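Asks: Once you've had a glance at the structure underneath, I'll fire off some questions.
The values are calculated or read from the model by the stated rules, or taken from the named source; none is laboratory data. Everything numeric here is computed off the predicted structure, so don't read it as measured data. Using ideal geometry, Cβ is built from the backbone for each residue, glycine included, and neighbour counts are taken over all protein chains shown. Note: areas computed on protein heavy atoms with side chains; ligands, DNA, RNA excluded. Shrake-Rupley method; radii C 1.70, N 1.55, O 1.52, S 1.80 Å.
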Amino acid sequence: MVILRSHAEREMEMDRISELPESLIQHIFSFLPIKSVVSTSILSTKWRYLWTSIPIIDLREWRSVNASVGVCRDEVSRFMRFVDRVLSNRQDVHSPSIKKFVLSFDTYFDTSRVNGWISIVLQHKVEELALVDRKGIIFPPSLFTCESLTVLEIDKGFLELPESVNFPNLKILRLSIMLVNEHLIQRLLSNSPILEELSLELRNWNIQHLSIFCPKLKRLFMNGLLYRKFDIQIDAPSLQSFKYSEVLAKDFVLQNFLTLLDAEVVLSCAADRGEREELGCLAAKLFASLSDVKRLKISEYTLKLLSYQDDFHMKLPLYHNLNHLEVSRASFHFRREGYFEDNVQCWIVKILFDFLQVSPNLESLIFDEGFSNCKSNNYDGWLMDLIPQCLLLHLKSIEFRGFFGKQIEKDLVRLFLKNAKVLQRVRITVSGKSSLSKNSNFKKEVVDEIALFPRGSAECVLHIS
C-alpha cells in the first residue's frame, strides 16, 4: 500500500532550523544566556559545534539564588569547568573573534583561571568587555593596552592600573569602583583619545579632587557621590549629555558646556541649616554651566537646593535653548530640615515658577509624581505676580504623571490651563496607587471638575488616562 503525503506534510519533515542562515542564528544566540546557547547543540547536526564560534559570550547569570556556601563552591567549580570548555575552542589565535565578553566572579573563583580567560578574549580582539569582580583580583596588564576594545565596563572594589595604559579605540568607559587615587580617572582618560562616554559610580572614596579632562567626551554620567569631601573639575568641550546624582561636591570648576543637549541633576541629600547658603551657591554654580542645555530633568530637592541662595533665579543665566523640563520626585524626603513644614506652603511650586522665569523658550513640561504631598494655598494669587514668558509665548505641552487628584494637583492644573496662552495639550496620567484608579465615581467627579477649568488657550486639548 502506497501512502501519498501532502506537500505540507513533507515540508514539516524538513529540518527547518538547519536551513537558517548562520548570521541569523548567531544573532539569535546573542540574546540568549551562554548555557542556553551551548544546549542548542542537540537541536541540529549543523548546530552541534556552532556555539563554539559565537561572537558574544555573556557569563553573568549562572548562580543559584540564596545558595549555601557549600553549594556555592560546587557551583563555582562546575562553572569554571564550563568556562574552560567554552574558551578551549578559542585557544587558537585563528579561531573566530569575540565581539563581547561578560564575566561575573567572586571569592570562590581561581584568580589564575579568571586572568587566563581574560587573556584569551583579549587575544581574540574583543571589542566589548564587562567584568564584575567580587574577589578583588589584579587584572592582567594586557587588559589596559588592548587596542581592540571599544567598550570597557569594570565593577569592582579597588582598581589598580599598571605602568602602561593605552586604549586607542575605546569609546565607552563605565566604572563602578572605590576610588582612592585621584589621578586614576585622568590616567584612563588621557590614554583614551577618542573616548565618547564616561560613566562613574564611585563608592567610599577618599580623595580631595576629581579631574575630568576629555576633549571628545560626549556623555558623562556621575553617580554614587555620597560624601562632600572633594571638588570636581570638568573640562569637556564636546559634551552633549550630562547626568549628576546624589550630593553636591565640595566645589565645582566647570567650563560651560556649549554643545549640551540633555542633562539630569537629581540631588537627594539633606542639608544642615548652617550649610544652606553654601549649598545654594554650589547648586547655582553647577546650574550655571548647564545654561545651553535643551532638555533638563531635575528633582524637587534639586530645586530646593537652588533656593537656598536668595533670589537664585536673578543670579542664574537665561536658559535660552531649554525647551523641555521634567521635575521628578526626590529619592529621599528629609523631614529633619523641614521638607514638609506647614509654613513652607509647598515651597516647590514657588521655586519652580522662579526657575521658569529663566527658561523663556520652554515648550514642554513634565511633573513626574510630584506635589501630591503639598498643601494648597491659592497659588493663582501669589505665584503669578510675574507670569513667566514661556507660559505666555511658548509652552505647548504639560504632563502630570502619577496624579492623585489632590487639591494641590488640581490647583496646578488650573493655574497652567488659565495662564499658558499657546498651550496645545495637557496630559494627566492617574497613579495606580490613587483612589482615582479604584473609584470610578471619584474619578468622574475629578475629571468633570478639571474639564470646566478656564483655559487661556482655545486650542488646548485635555487628556486624562
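Asks: Given the residues L296, L286, which is the only one that is modelled with pLDDT of 90 or more, touching a strand residue (DSSP E or B) at 6+ places or on another chain (Cβ under 7 Å), in a helix (DSSP H, G or I) and under 23 Å from K243 (Cα atoms)? Walk me through it before giving the result.
Replies: On the way: L296 fails: in a helix (DSSP H, G or I).
Every option except L286 fails the conditions.
Asks: Can you pull out the residues in region 409-441 that are of a type in the set (A, V, I, L, M, F, W, C), surrounded by 19 or more Cβ atoms within 10 Å (Cβ to Cβ) and in a helix (DSSP H, G or I)?
Replies: So in region 409-441, the residues of a type in the set (A, V, I, L, M, F, W, C) come out as 412-413, 415-417, 420, 422-423, 426, 428, 430, 436.
Within this subset, residues satisfying the condition of being surrounded by 19 or more Cβ atoms within 10 Å (Cβ to Cβ) are 412-413, 416-417, 420, 423, 426, 428, 430, 436.
Scanning region 409-441 gives L412, V413, F416, L417, L436.
Asks: Still on this structure: Considering region 142-162 alone, what residues qualify as being under 17 Å from S190 (Cα atoms) and in a helix (DSSP H, G or I)?
Replies: Within region 142-162, L143, F144, T145 meet the criteria.
Asks: Looking for whichever is of a type in the set (D, E) and assigned to a loop (DSSP other than H, G, I, E, B) here; the options are E445, E459. Which one fits? Walk me through it before giving the result.
Replies: Working: E445 fails: assigned to a loop (DSSP other than H, G, I, E, B).
The conditions single out E459.
Asks: Consider only pairs whose beta carbons are under 9 Å apart and that are at least six residues apart or on different chains; among these, list those whose first residue lies in region 252-264 and is closer than 8 Å to D292 by Cα and whose second residue is open to solvent by less than 70 Å² (accessible area, probe 1.4 Å) and aromatic (F, W, Y).
Replies: F257/F242; L260/F242
Asks: Another question about this same structure. Give me the pairs, please: first residue somewhere in region 139-151 and more than 10 Å from L170 (Cβ to Cβ), second residue anywhere and assigned to a helix (DSSP H, G or I) and open to solvent by 10 Å² or more (accessible area, probe 1.4 Å), beta-carbon distance under 6 Å, and either six or more positions apart or on two chains.
Replies: Final answer for the pair search is P140/N115; P140/S119; S142/L122.
Asks: Turning to a different aspect of this structure: Could you list, in sequence order, the residues of region 170-205 that are open to solvent by 70 Å² or more (accessible area, probe 1.4 Å) and farther than 24 Å from Y244 by Cβ?
Replies: P193
Asks: Identify the single condition in (1) more than 29 Å from K297 (Cα to Cα); (2) without any contact (Cβ under 8 Å) to a residue 24 or more places away in the chain; (3) buried (at least 17 other Cβ atoms within 10 Å of the Cβ) that L220 does not satisfy, given that it satisfies every other one.
Replies: (1)
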